[in-house]
Each structure stands twice: as structure tokens, then as C-alpha cells.
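Beneath this line is the structure, given in C-alpha cells, with notes to follow.
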Amino acid sequence: MNPAVETPPPDAGLADRLDDFIRYAEVKRLAGAIASLQRRKPFRALAVLSVEAGDGKTLLCAALARVYAQTCRSPILIIDAGGRRTPQSLELAACLERSPAVYCVRVGDGPPPSPAAAGDAPPAAVAPQTLPELQDGDSALIRQALGEFPGPYGLILIDTEPLVGGGNGNVDPVLVARAAGAAVLVVGRRSLKSAALEGSLELLRDPGIRLLGLVANERHGR
Amino acid sequence: MSRMNPEPAPPDVFRLLEKHRRVLLAGTLLSTALAFAAGQFLPKKYKSSFVLTVHSRYFENPLIRDFLAPVHDSTEMRSQREALIRQALDAEFLDELGRRHGLTSAGGAAAPPGALRRLVRRLKPGRGDAAAARLSRERELLLRRIDVQRVNPDTFRISFVHSEPGVTFAAAQDVYLQVLRTLVASRRDILVHARDAIETRMRSLGGGSAPAPAAGAAVQRWRLSEPLEDWSTALARGAGAGWGQEQTAAEMGLYKDLLVKLNYLQVALDSDKAFQGAYIAVLEKPLYPAGPIWPKRGLFLVWGMAAGFIGAGLLCCLREYEERGTLDAATLSRRTGIPLLGSLPALPER
């Protein structure tokens, strides 16, 4: 994890729990399925979407990044484009404390250090930056996030805003999904009961979005 | 670059209608078809009616106002009108009506009761005369076919309902004639009874108060058809028959008064006979039914469509509620065709 980004104090318990979490066969199977799809039709970035907040996007990003890094032995970049935080939201920094091959950057931060330099001494801390001014709207941020980050990342995961709600200057998840090479939709209990579910699925039928599939997170009761 | 409504959208009614359009359409069509079939095959009812007005003059006669007080209270007149009409529908008339049109078994040999009815009778002892009970029931059912409706305080619409148009028309005509006959007869009967009473009194005055006449003496009876004789002649005759002077003077006065009233009554009777339409007006005579009053096909079709749409709509709401309540990722994947890549286990607790 990029130590240059100022994050809240890491929750050691959360990292331990994630360690247990990624040992589950379901997680490995899921990572294998995504890897298989990536081999079939390569994509560089994967947008993780959900209809409602609290469906498990961050958890999926963290778990997927950990398993991907272990199995594919390639660095993974997670771009945190989700501005909204609830008290129950997971902190990526806390999740990825023990994951040296996983890099995390928030939208608006500067580019992460190149993974090639990760084997050397840890990079110097980079002061957090505020969100740049939107000159071309969200496209500028997306281009910056996907096209300008250096480094041969095995996969770039983008933790997005929920499809319902949001705004406040955060990046539009639909635009992120279009810009990314592929997307997955996490469906939790809240999404399945949401009145906006059908409307959201309709949005994702956009021909510019390559929706790989659904990831169920029904056991997590939020 | 637009986003969808950031707030959770209210249930999209039009989208739900589009989603369940097949169920709604099928339900509406099925219900409409059933309603159409019901309109075709349900037993039909035909109605024939007549409207008549009973004027206030029916209850008045200036000629006899002194001894037959007219009715002035409107409520009482209204009640009397309706009572007179219903009075026409007595048991005798109903039996005759039922016999003529085959609506009752009155007067005919009763069909032997079936086994079930015999069993019911055994189980319910003490029912009395079964034939009388059956007749009474038939009369009641026949009376229900006749409807008396008050259009306004002095006008009534009387209808007859049956499943065959020919029977409906003929029965309505019979009821019409019976009501008219009853109204005319009731008024005439009042006058006739008063006349008869006066006549009887006059006869008693002519012979009752006098000593018993000698055998062979002719008792003068004043007949209505005979011209009124001179009083003096009458008195003389009475005196000759043995009347006393005191009796004669008092009774003569009474007799004179009664004779005057009798003449007025006769005038009233003759006048009624000649001008019966003066106090009863028939506004509408019975007509042959043009069509059934029930079932109304157009109304049934509308009801069928509405019931089908509402019923199908409720069914769709239940299905939608069940879908939303029991939807899982696998079902969602199946419905939308989006592959289910996998599922996340529960994050271990601390």
C-alpha cells in the first residue's frame, strides 16, 4: 500500500479479518473467474459498481486485489473514486496494510509511485492533494486515473460511488465504467430490495460499458 | 454527462405496467370474455310498465261534501293512493294472473313432491297445509314481480317483470286493467254504499216508525226511479196509513233531507260513470318490451374489463412484492441474463 497517502490509523483487526476472508474458496473462485475473463478479452481496469452504498464494493476491491496479487504475482492498483463514506464503510488503507503489492490511491491524489520502485526503499511520503478543478468534468479525472498512472499493474480496480445517490463533485460511476475496460456489479441485500435496481441495470446496458457480471454479497447484512 | 436521479426513485408505475403487460392484458381479456358470456347466457328479465296519476279530485265530491268528508291531508292522500293500487293486487287477482300465464300452480293439480321434499317434510313436522303454504309462497313470488314505484305524490309507475317478453306484456296489461277497475270501483263503492244506507233509512222512515199497517194496506216505497211526488201527497198518504201528526212532522223533515242527499248521490254516481277520466289519468300504457332490462351487455363488458384490469393489477402487485421480497442474486442473474461471477462470504467478525 502506498504509505505516502495520509490515511486514518490502520485497524489491525480489519487486516486480520481480511486475511481470513481471502482464504475462502469463494473469494479465490471469484478472482479466478475475473482473471479468466481478463485473459479471454484483456482489460486493464475493472470498475467495481453497486446500486446502493454498503453493498461491499470496497471489500471486493480489497479482497480481489489481495488474491490477485498473490496468485498473479503482479502489482495491483486500487483507485478509490468513492467519495461518500458511512460509519460502516471499510477503509482501504486499513484493509491493505499488509499488502505491499497493492497500491491504493484516492482520486485527486497524485500518481502512485511506480511498482518497479516498490522493491527498493519505500517511496517518500507525498502530501495529500485536494481534488483538481474539473476542467473537462469527470473525464479529466478518469483519464488521469486510468491513462496517466505509470507502472505495469496487473489490474487496476476502481472503487466507485454507488449508482444511487452521490453527486457532490465525485466521479460519476457510469463514466468510470465506460472508461474502464470492464465492470462488475456488486449486489447486496440493499440493492436487491432497492426500487432503483431496475433503473440502474438499465443504465449499465450502455454499449460502452462491458459488464462482466454480478457479484453477490447477500450474506453481509448491512 | 448526466446522472440518474440521485435520490431513490418512487415506484415507476408505467415501468411496472410495461413489465406486467402480458398479465394485465390476459386478465382483462379473460374477464371481458367471461362478462360477455355471462351477458349472453344469464337469464334475461323483461319489464313492461304503465304510469297513472290519481288526482286529488278522486277523494273529493262537492255534491256530497256534507256527509262524506273529503281528504285534504297530502300524506294521507298519498297513502290512500298507494293503498288503493296495492289493494287491486289481491289474492284472487294474483291467482287468476298466475293461472292465466302459467306463473303459479294455483288451481291446478299440484305436482307430487319429490323424495327430497318428502324427507324435508318429515324432518320438519307440523307445517300444516302444504298446498296452502305453497300457494302462499307462489303468490308472494308473483307479487314480487309487480313493482309499484311512486314517481311523485300522485303519480305511480307499476311494472311487471318476467323472463319472457310476451308474458311480461300480457301480465302488465292485466295488472293495468285490474288497477283501473279497482280505482273506479272503490270510488263508486263509497258512493253506492252511502246511497244504499240512505235508501235503507228512508225505507225505515217510510214504514218503520209507523204502527204496523193493516193487512193488505200498501206500504208506499219510494223508488229512486219514480218521480218525486209532491210532499203533500206523500204526507197525505202517510197520514192515511196511520202515521201520527208528531211523527210525521219530524220524520218528514228527515226524510226530505235524506231525499235531497240521495239525489245528490245519484247525480254524483251518474257523473262518475260518465267522466271517469276526470280523476284518473293514464300517462303511459303498458308496451311490449323492446329489450331485456337485465343483463345489460354494455354494462357487463365495462364491468368485465374493469374487474379484469383491477384483478390483474392486484396480481401483478403481489408478484412484484414477492419478487422484491425474495429476489436474490441468482434470480436476478437469471432474469437479466447477466452472469453471476460468484459470491462473497461473510466478513469474519472481530
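The values are calculated or read from the model by the stated rules, or taken from the named source; none is laboratory data. Keep in mind that this is a model prediction, so the values were computed, not measured. Here the Cβ positions follow ideal geometry from the backbone for every residue, glycine too, while neighbour counts run over all protein chains shown. These area figures cover heavy atoms from the full protein model, side chains too; ligands, DNA and RNA do not enter into them. Shrake-Rupley method; radii C 1.70, N 1.55, O 1.52, S 1.80 Å.
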Buried accessible area, chains A and B (both chains, 1.4 Å probe, Å² to nearest 100): 3600 Å²
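Within 10 Å of each Cβ of A:179-188, how many other protein chain Cβ atoms are there on average?
On the way: counts 0, 0, 0, 0, 0, 3, 5, 2, 8, 2.
The per-residue average across the peptide is 2.
If you keep only loop residues by DSSP, which GluC sites (Glu not before Pro) in the stretch B:255-350 have at most 11 other Cβ atoms within 10 Å of their Cβ?
On the way: sites: B:Glu284, B:Glu320, B:Glu322, B:Glu323, B:Glu349; in loops: B:Glu349.
Of the GluC sites (Glu not before Pro), the ones in loops of the stretch B:255-350 whose Cβ has at most 11 other Cβ atoms within 10 Å are B:Glu349.
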Accessible surface of B:Thr168 - all protein chains present, 1.4 Å probe, nearest 10 Å²: 0 Å²
Of B:Met305, B:Met202, B:Met252, which has the most accessible area and how do the rest follow, probe 1.4 Å? B:Met305, B:Met252, B:Met202
Run the quick spin-label model on B:Ala83 and B:Gln40: label points 7 Å from Cα toward the beta carbon, then report their separation in nm to one decimal. 5.3 nm
Which lysines, if any, have their Cα less than 28 Å from the Cα of B:Lys261, not counting same-chain residues under 8 positions apart? B:Lys273
Inside 10 Å of the C-beta atoms of A:202-214, what's the mean count of C-beta atoms belonging to other chains? 2
Of the listed links B:Lys44/B:Lys285; A:Lys28/A:Lys193; A:Lys28/B:Lys19, those spanning more than 32 angstrom between alpha carbons are A:Lys28/B:Lys19
Distance in nm between B:Trp294 and A:Asp19 label points, each 7 Å along Cα→Cβ, equals 8.4 nm
